[in-house]
Each structure stands twice: as structure tokens, then as C-alpha cells.
1. Have a look at ILE8, ILE42, ILE22 and point out the one that is in a helix (DSSP H, G or I), within 18 Å of GLU175 (Cα to Cα) and at pLDDT 90 or above.
2. Between a first residue in the range 35-52 that is without any contact (Cβ under 8 Å) to a residue 60 or more places away in the chain and a second residue that is exposed (fewer than 13 other Cβ atoms within 10 Å of the Cβ) and small (Gly, Ala, Ser), which pairs have beta carbons less than 7 Å apart while being 6 or more apart in sequence or on different chains?
3. When the residues of the range 107-133 are filtered to those that are over 13 Å from ARG155 (Cα atoms) and of a type in the set (Gly, Ala, Ser), which remaining residue is surrounded by the most Cβ atoms within 10 Å (Cβ to Cβ)?
4. Which residues, counting only those in the range 139-153, are in contact with a helix residue (DSSP H, G or I) (Cβ under 8 Å, 6 or more places away or on another chain) and either over 19 Å from HIS223 (Cβ atoms) or without any contact (Cβ under 8 Å) to a residue 40 or more places away in the chain (or both)?
5. Does the range 55-67 contain at least one residue that is surrounded by 12 or more Cβ atoms within 10 Å (Cβ to Cβ), modelled with pLDDT of 85 or more, touching a strand residue (DSSP E or B) at 6+ places or on another chain (Cβ under 6 Å) and more than 16 Å from ARG176 (Cα to Cα)?
6. Residues in the range 196-211 that are under 19 Å from the mean Cα position of the chain (by Cα) and of a type in the set (Lys, Arg): how many?
7. Check the range 203-210 and report whether any residue there is part of a loop (DSSP other than H, G, I, E, B) and either modelled with pLDDT under 85 or under 17 Å from LEU116 (Cβ atoms) (or both).
8. Given the criteria over 17 Å from the mean Cα position of the chain (by Cα), part of a helix (DSSP H, G or I) and at pLDDT 85 or above, does LEU214 qualify?
Amino acid sequence: MAIDFGQIRRSEHLPARIASHIAREIGEGRIKPGDKLPTEHILAKAFGVSRSVVREAIAQLRNEGLVETRQGVGAFVRDMHARPTIRIEQEELVDRESFRSLFQLRMPLEIEAAGLAAVHHDVEDMQQLDAALDQMTGAEKWTEQGILADLAFHRALAAATHNEYFPLFIGFIAERISHAINAARAAAVLEEIVEVTIAEHVVIRDAVALRDPLKARDAMRQHLLGAASRLDLTLETF
């Protein structure tokens, strides 16, 4: 299966487009450090999308270190000197080799995260993993909601490491990789690719639940290699 990487740009989903727009406003100084972003309700109305889409966009900005969220208060732009700078514009990933390099980086991070999650997860972590998996396998699995649930699963797994840096880096990479999920879906039999992807996530979840770090690492490794092959990417493995 050959992927036209131009599809990634065309299939970029709504949260990413909104996040890019807000990031541009921040980068060009129209939204300044310390400023509070408008509420989810206001942003949803302004962009003509649901609040869940806005929530995903804010999560992406948080993963990129552009904003910080305060429980019950809202999202605030972080000071340029205080925040980590991790940003890759989507246009760069239209280049096949750049995209493969990003996917290669995903391998060690997510494999290690799966092992650590198996060791360190708690009851709440498993609830988050199961909630994401329920969404992935539900009635909306064929839609964009299925992609968002896939992202939520990987974020929950990163959080289950109980290492604050894994969610930051994995969340950032997952957002970029997610644009390729749309491209892969467009280039394959949708039913087949969705069911295979779900099965791979179930194996990861079960290994984590068993607190078996070796099985969890292997399950994640197989999932990532499978995902890469569905994008016609060849990764280096040792």
C-alpha cells in the first residue's frame, strides 16, 4: 500500500487546524504570554466546531508547551522563556523521510512507555485506557472520533508511566502521527485497518493490566511496526 503523503495535509483533522491557528496567533504576538485563552464554549462557537474538538486542540497546544491549563480556571499562554519549544509544522511532514524519522522516534518512546505503564499504572490509569478503548470499539470507530480515541489511548498509556515527561513527548508525536491515520484509512479497506488497529490496542491493554512489562513492550512494538507497514514505512529495528 503506497501512501501519498500529500494526503496527510489534506486530511489534517479539525483539532490540529485549530491548534495551528491559535499557535500562529501566539507566535505572531496577538495572544501574549500570560493571556487566558477564550473559554471552550467561545472557541467552539468562533470556529464552528464542538467543544470536544476545541478540547483536543487545547491538549495539543499543552503538549507542545505553548499553553498551560489550570483546573477550573482555563488555559493560559506560557511565557516563551519558561516553556519547552517542541513544534514541527505539518508542512514539514509532507516530506516522506521527515515523517519516517518522526515515526522512528516514536518507537523507543512508546515501547518504553508501555513497559513502564505495566509496572506503574493504578486503577485510574486502567479506567482511562479502558474508556479510550471503549470509544475505539464503539459505534463511532469508523469516524474521526475513532482517531481521537486512538490518541486518547496513547496519552493515557503515557500518563500511566507516572513520569511527567512521557505525556509531553508522546502526546506531541501522537498528534503529528495522527494525521497519517487519516491517510492510511483513505488508502486501505477501512473495516480491515480499523479492526486490526483495535486488536493491537487490546493486546497492549491486556499486557499492561497483567503488569507484564515485557509483554507490554512487545505488544507496543508489534503495533508500531504494524502501523508503520500500513503507511508503507520501513523502520530500523534491532
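The values are calculated or read from the model by the stated rules, or taken from the named source; none is laboratory data. Keep in mind that this is a model prediction, so the values were computed, not measured. No Cβ is skipped: glycine too gets one built from the backbone with ideal geometry, and neighbour counts run over all protein chains shown.
1. Residue meeting the stated conditions: ILE22.
2. Partner pairs satisfying both residue conditions: ALA44/SER50.
3. The residue in question is ALA118.
4. Initially, the range 139-153 is screened for residues in contact with a helix residue (DSSP H, G or I) (Cβ under 8 Å, 6 or more places away or on another chain), giving 140-142, 144-153.
Result: GLU140, TRP142, GLU144, GLN145, ALA149, ALA152.
5. Yes; the residues of the range 55-67 include at least one that is surrounded by 12 or more Cβ atoms within 10 Å (Cβ to Cβ), modelled with pLDDT of 85 or more, touching a strand residue (DSSP E or B) at 6+ places or on another chain (Cβ under 6 Å) and more than 16 Å from ARG176 (Cα to Cα).
6. So the count comes out to 1.
7. Initially, the range 203-210 is screened for residues part of a loop (DSSP other than H, G, I, E, B), giving 210.
Add one more test, that the residue is either modelled with pLDDT under 85 or under 17 Å from LEU116 (Cβ atoms) (or both), and what stays is 210.
Yes, the range 203-210 contains a residue that is part of a loop (DSSP other than H, G, I, E, B) and either modelled with pLDDT under 85 or under 17 Å from LEU116 (Cβ atoms) (or both).
8. When the stated conditions are applied, LEU214 passes them.
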